[in-house]
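The structure under discussion appears below in the form of structure tokens.
What follows draws every value from the coordinates through simple rules; no lab data is involved. Remember, it's a predicted structure, so these values are computed and weren't measured experimentally. No Cβ is skipped: glycine too gets one built from the backbone with ideal geometry, and neighbour counts run over all protein chains shown.
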Amino acid sequence: MGHKVSILAASHSHIRLHNPAFDANIREENIDGINYIWINTPAYEGNGIGRIKNMFAFINKSWIKAGYFAKAYQPDVVIASSTYPSDNYVAKKIAKLSGAKYIYEVHDLWPLSPMELGDMSKYHPFIIAMQHAENLAYRKADAVISMLPNTQEHMKAHGLKLKKWHYVPNGILIDEWKQAKELNPETKDIIEGIKTKFSTTIAYAGTLGLANALSSFILAAKDLPHVAFFMIGKGPEKENLEKQIDDLSLKNVFLLKSVGKQEIPSLLQMFDILYIGLQRQSLFRFGISPNKLIDYMMAGKPIIQAIEAGNNVVKEVGCGIDIEPENPQSLIKAVEQLMNTPQEDLDKMGQNGQDFVMKNHDYNILAKTFINTIENI
């Protein structure tokens, strides 16, 4: 949109497929018109002490070089956009040295997430450090942009003036859907072969993790032998899910390997119903904005959502059925309900979801909203 963007990031992150490797403290490069400034940080796995060392190495090295970044890049806007809030120290310093606006973009509520999900005490030194960073950000940022819709009261309780609060959710690039790749022949042939043996197909596509509550998805399949249940993806729960399928001797549950991101639109078109579920978590009271759900809606298929959260897009938009999480019987009833729904009503559900995404979650629209927010500070 005509803006010059520079990204300051740690050299190692557990969510990347590939991390840059170099020996110096800093590496700068331009990729597709974006400046990347990599800070050399130690590698790690999981959420233990290694990740904490990685965080603080990034913050410390970035803090020391803040003056250089301010002078070399001369930013008009500095956005702190990590999962954890400690990058706000660096963002605030660079913004002050360059006379830039300082924005805090919130993905997850930290330190509330490790406290409620990891059962960490509020008196733990790490939590105290994260809480200090979060409070500072809410007090000092020129604006706070939340990806979650119901965070106002939490942020207000930690020092934010609500006139600074703005909501910009996750989204997708509509052009990527228009230019989607054909599904690879191997996966396509497998799915088409299975579909000939069943009256209906339901699919989950994404990470095979404990949080995704896929055990109840499998249990529902036991009472719906005429329905093919697909799970497409990879993750730490794969072996446990395979064992559960074997233990129940299920012949209608199929676990397929993940496909490339550009193949997702073609993949989702192959199924009758799409499923998304999450374990019950108190954090969901602040709302959710999962990319998977946006993909499902864009696919134009009826959705069964098994999530208890502060927002309920599937229900509000009318693009599927909302059920109780981790309840196989609720899932069974929902599948049977959709199987008995007239095709024109199913098509309407799919169209409702697709229309909503194109109006509210296109990154071209969200980017304009984000920029307008900054310009109006």
For segment 1-96, listing trypsin sites (Lys or Arg not before Pro) in a DSSP loop whose Cβ sees at most 12 other Cβ atoms within 10 Å gives Lys4, Arg16
For P(r) over Cα pairs in 20 Å bins from 0, in percent, with candidates (1) 28, 53, 17, 3; (2) 28, 59, 12, 0; (3) 25, 55, 20, 0, the value calculated from the shown model is option (3)
Karplus-derived 3J(HN,Hα) from phi for segment 316-322 (6.51 cos²θ - 1.76 cosθ + 1.60, θ = phi - 60°), whole Hz, x at Gly and Pro, runs 5, 7, x, 10, x, 10, 9
extent check for segment 154-214: Cα max minus min per principal axis, descending, whole Å, gives 58, 31, 20
Connecting every pair of Cα atoms under 10 Å apart in the chain and solving the GNM, the largest mean-square fluctuation among Asn327, Asn30, Asn88 falls on Asn30
Karplus-derived 3J(HN,Hα) from phi for segment 113-123 (6.51 cos²θ - 1.76 cosθ + 1.60, θ = phi - 60°), whole Hz, x at Gly and Pro, runs 4, x, 6, 7, 8, x, 6, 7, 6, 5, 9
Ordered by fewest other Cβ atoms within 10 Å, a rough proxy for footprinting exposure, Met1, Met130 read Met1, Met130
The FRET efficiency for Lys71 and Asp142, from their Cβ-Cβ distance with R0 = 25 Å and rounded to 0.05, is 0.75
Convex hull around the C-alpha positions of segment 274-377: the volume in Å³ per residue is 95
Sorted by chain and then number, the residues having a modelled amide H within less than 5 Å of the amide H of Val253, at least 5 places away or on another chain, are Phe229
Computed for the chain: size of charge dipole around the Cα centre, +1 on C-beta of each Lys and Arg, -1 on C-beta of each Asp and Glu, debye to nearest 20, value 1500
Straight-line reach check, Lys178, cutoff 18 Å on alpha carbons, 8 or more apart in-chain or any other chain, hits among aspartates and glutamates -> Glu263, Asp295, Asp355, Asp362
Once both label points are put 7 Å beyond Cα along the C-beta direction, the His158-Phe56 separation in nm becomes 2.0
Between Met358 and Glu182, the FRET efficiency computed from the C-beta separation at R0 = 25 Å comes out, to the nearest 0.05, as 0.65
Helix-only [θ] at 222 nm, the chain, -39500 (n - 2.57) per DSSP H run of 4+, per residue, nearest 500, equals -12500 deg cm²/dmol
Residue span Lys234 to Ile377: 0.36 nm per residue of separation minus Cα-Cα distance leaves a gain in nm of 47.2 nm
Here the longest stretch of the chain that holds no GluC sites (Glu not before Pro) in a DSSP loop having at most 11 other beta carbon atoms within 10 Å is 183-377
Hits in segment 55-83: amide N under 20 Å from the 7 Å Cα→Cβ extension of Leu117, namely 55-56, 80-83
Scan of the chain for chymotrypsin sites (Phe, Trp or Tyr not before Pro) in DSSP loops with at most 11 other beta-carbon atoms within 10 Å gives a longest site-free stretch of 124-377
Whole-Å distance linking the alpha carbon centroid of segment 159-201 with that of segment 215-273 is 16
Quick note, segment 165-257: a/c under 1.5 would make it rounded; otherwise a/b > b/c is prolate and the rest oblate (a ≥ b ≥ c, C-alpha gyration tensor); here it is oblate
For segment 106-200 the trypsin sites (Lys or Arg not before Pro) that pass both the DSSP coil test and the at-most-12 other-Cβ-within-10 Å test are Lys122, Lys161, Lys197
Taking a ≥ b ≥ c as the square roots of the eigenvalues of the Cα gyration tensor, with a/c under 1.5 meaning rounded and otherwise prolate when a/b exceeds b/c and oblate if not, segment 174-360 is rounded
Rounded to whole angstrom, the alpha-carbon centroid of segment 323-358 lies from that of segment 1-69 at a distance of 42
